[in-house]
Structures are given as structure tokens and as C-alpha cells.
1. Of everything in the stretch 139-162, what is near the ligand (Cβ under 9 Å from one of its atoms) and at pLDDT below 95? Give them in sequence order.
2. Say we look at the stretch 177-195 and pick out the residues that are in a loop (DSSP other than H, G, I, E, B) and without any contact (Cβ under 8 Å) to a residue 12 or more places away in the chain; which of these is nearest to residue 248 (Cα to Cα)?
3. Out of the residues in the stretch 60-77 that are more than 12 Å from the ligand (Cβ to nearest atom) and assigned to a loop (DSSP other than H, G, I, E, B), which is nearest to residue 101 (Cα to Cα)?
4. Being outside the structural domain of residue 11 (by TED's automatic domain parsing), buried (at least 20 other Cβ atoms within 10 Å of the Cβ), more than 16 Å from the ligand (Cβ to nearest atom) and assigned to a helix (DSSP H, G or I): is that true of residue 202 here?
5. Which condition number does residue 57 fail, the rest of (1) under 25 Å from residue 226 (Cβ atoms); (2) within 13 Å of the ligand (Cβ to nearest atom) being met?
6. Which ones in the stretch 9-29 are assigned to a strand (DSSP E or B) and in contact (Cβ under 8 Å) with a residue 40 or more places away in the chain?
7. Only residues that are crowded, with 17+ Cβ neighbours inside 10 Å and either at pLDDT below 95 or more than 12 Å from the ligand (Cβ to nearest atom) (or both): list them for the stretch 171-184, please.
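The values are calculated or read from the model by the stated rules, or taken from the named source; none is laboratory data. Remember, it's a predicted structure, so these values are computed and weren't measured experimentally. All Cβ positions, glycine included, derive from the backbone under ideal geometry; neighbour counts span all protein chains shown.
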Ligand SMILES: Cc1cc2nc3c(=O)[nH]c(=O)nc-3n(C[C@H](O)[C@H](O)[C@H](O)COP(=O)(O)OP(=O)(O)OC[C@H]3O[C@@H](n4cnc5c(N)ncnc54)[C@H](O)[C@@H]3O)c2cc1C
């Protein structure tokens with residue numbers, strides 16, 4: 001365990017926002033969590049790789065983060081248990097190298113194993129929830145270890161039980177149930193025509209497609225998709241489709257019609273625009289980025305302007321996917 005006092009969080013968030021934290025605790029696999037350190041209730045933030053966070057001010061509490069050490073527990077033929085701090089993409093490569101399939105469509109999503117369960121990360125027709133068997137966490141409030149089954153996690157679109165209890169559960173390990181047989185998941189339209197003879201081929205093709213339309217964190221800071229795709233009722237969808245026939249068809253789900261937030265923002269004229277030192281990525285209107293050393297407040301102001309404009313033009317509310325702190 002390492003403890004740092006009063007340090008910059010710039011290396012701890014992919015937006016590259018320079019705020020300070022009063023204390024940062026970095027944990028290693030095997031560290032004993034019981035009783036050695038205390039966090040004040042409500043003053044604790046868990047950070048993975050900070051790839052879905054926007055800091056708007058200094059953090060006056062304790063940040064807890066897990067080291068990015070590559071660490072797996074002994075695994076059985078289908079179940080792989082990974083340390084929460086591991087880089088998710090490193091785990092995915094490891095699974096394919098060992099003939100374990102399923103996670104390939106989630107390739108190149110920035111962030112850690114622990115956050116994959118908090119966020120229920122998803123891309124190209126797959127979501128983490130499809131593979132998570134169990135989550136082992138440390139309850140920072142009750143100071144005890146606990147285990148969650150897939151059902152206990154209450155997974156939904158970019159959502160989970162953990163998202164509703166911020167600062168309480170520190171996810172130490174996630175177990176994924178994978179397959180020994182590679183069955184390519186090509187359900188997502190954008191995957192049509194991509195090579196998929198092997199899982200490795202599909203992974204590499206998906207990685208290339210992703211980085212063609214997303215800013216690379218080492219070049220331009222961002223949190224990936226800034227907004228969730230909004231879900232609207234049938235009458236709203238039909239009204240918009242009649243008014244904007246070029247609008248992509250909605251994805252129908254149990255709670256309504258999921259629209260493309262990127263299309264709405266693009267159609268409202270925001271793609272490629274900057275406001276202050278924050279901007280809308282020219283190749284993907286869903287991504288806000290750090291154009292030139294921006295502050296979190298500039299990102300927040302840009303997001304608010306987009307939300308207001310989309311609401312006014314289409315009557316649709318956009319909710320941020322990124323966590324604003
Ligand atoms: C360029 C880019 C592209 C992206 N593309 C996608 C995409 O295609 N699909 C997608 O779903 N997301 C995407 N994202 C968002 C991001 O990658 C995911 O949300 C990812 O899961 C965040 O991982 P992280 O480790 O950085 O988590 P953080 O941003 O650090 O944290 C996210 C949340 O998880 C909590 N958390 C993190 N680790 C733990 C832990 N060990 N225990 C308890 N709580 C924890 C945090 O408190 C916070 O609430 C993208 C981001 C970027 C920058």
C-alpha cells in the first residue's frame with residue numbers, strides 16, 4: 001500500500017484534468033485492508049483509470065485506487081478471476097492467448113477490471129454483464145469482504161448496484177465466465193464485413209475501428225462517450241422519425257426506444273465545435289474532449305450547452321454517462 005498526500009490527479013484521469021486530492025491510497029493485491037487505514041464517511045472516491053470521470057474541483061477526501069498490477073487468481077477451465085486494478089484490455093488479450101472467448105468485442109475500452117463491473121461496460125453488441133460471474137468487494141463502510149453474484153449486481157445499461165453506492169464498495173476481484181469455443185458475436189451492424197476467422201482477428205479489427213473514431217487518451221483527453229443514448233417513448237420516437245427521416249432507427253428495448261445521442265448532437269450542429277478549451281470530437285459527436293488543457297468546468301459548461309440545445313431542438317433530454325466530480 002502506498003499513500004500520497006496532496007497530489008495532482010492529472011495522471012489518474014484520462015481527461016487530463018489537473019486537480020488535487022488530499023490523499024491518494026494505492027493498494028496492491030494481497031494488501032490487508034482491515035483496520036490499517038480509515039476513510040471518513042462520504043469523503044472517499046474509488047478511481048480505476050479515471051477514464052469515465054471529469055473533475056471540476058480539488059478532491060478534499062481520500063482517493064482509493066488499485067495498482068494496475070497484472071494479477072489473476074488460479075483459474076478453472078471457464079472461469080477467470082482478475083484483480084480489480086488490472087487493465088481490462090490486458091485481461092482480454094490474455095484470455096484470447098489462453099483460448100478463452102467472449103470478451104473480444106469489448107477490446108480497447110479504456111479502464112480497469114473493477115470498473116467493468118461498476119459501469120457494465122459495453123461495445124459492439126456485448127456488455128460486461130454477459131460474462132461476469134461474481135464480484136468480490138471490500139465494504140468500506142462495514143469493513144468486511146463481500147461477494148456479489150451476477151444477479152446481485154443489478155446490471156443495466158451502463159449501470160449496476162455499485163453505481164448507486166459510490167465510495168462504499170471497493171471491487172477487488174471480478175470473475176468472468178468465458179467460453180472455450182469462439183463464436184463470433186457480429187450482431188452489431190458496424191461489425192459487418194470485419195475479419196472474424198479468429199477472435200484475435202476480430203479483436204484487432206474492432207480495436208482499429210474504435211481508434212479511428214475516438215481520441216487516443218495519450219493525444220487528447222476524454223472520457224469516451226460523454227452522454228448515454230436516451231431512451232424515449234414510442235410517440236416521441238415516431239414524431240422524431242417523421243420529422244427527421246435520416247435519423248437512425250432506434251433500438252427497441254423493454255423501457256422504450258433507444259436513440260443515438262451522437263446523431264442528435266451531430267444534427268444539432270455540435271460536431272467539431274469547441275467552447276473555451278473543451279470540444280466535441282470531429283469524428284464522433286458523442287465524445288467531448290480536452291482541446292487544450294481545459295478545466296472540468298469548461299467541460300461541464302460545454303455539456304450543459306449541448307443538453308440545452310438538444311432539448312430545445314428535439315425535445316429529448318441527454319444524461320451524462322461520464323461521472324462529474
Ligand atoms: C476513449 C474512451 C473510449 C471509451 N469507450 C467506451 C465504450 O466503448 N464502452 C463503455 O462502456 N465505456 C467506454 N469508455 C468509458 C470507460 O472506459 C469505462 O467507463 C471504464 O469502465 C472506466 O474504467 P476506469 O477504470 O477508468 O473507471 P473510472 O473512470 O476510474 O471509474 C468509473 C466508476 O467506477 C468506479 N470504480 C472504478 N474502479 C472501481 C473499483 N475497483 N471498485 C469500486 N468502484 C470502482 C468509480 O468510483 C466510478 O464510479 C470509454 C472511455 C474513453 C476514454
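1. 158
2. So, considering only residues that are in a loop (DSSP other than H, G, I, E, B) and without any contact (Cβ under 8 Å) to a residue 12 or more places away in the chain, the one nearest to residue 248 (Cα to Cα) is 192.
3. 77
4. It is false that residue 202 is outside the structural domain of residue 11 (by TED's automatic domain parsing), buried (at least 20 other Cβ atoms within 10 Å of the Cβ), more than 16 Å from the ligand (Cβ to nearest atom) and assigned to a helix (DSSP H, G or I).
5. (2)
6. Within the stretch 9-29, 21, 22, 23, 24, 25, 26, 27 qualify.
7. Within the stretch 171-184, 175, 176, 178, 182, 184 meet the criteria.
Per-residue answers, yes or no, for (1) closer than 17 Å to residue 317 by Cβ; (2) at pLDDT 95 or above; (3) in a loop (DSSP other than H, G, I, E, B):
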{"site": "229", "(1), (2), (3)": "yes, no, yes"}
{"site": "240", "(1), (2), (3)": "yes, yes, no"}
{"site": "248", "(1), (2), (3)": "no, no, yes"}
{"site": "264", "(1), (2), (3)": "yes, yes, no"}
{"site": "269", "(1), (2), (3)": "no, yes, yes"}
{"site": "272", "(1), (2), (3)": "no, yes, yes"}
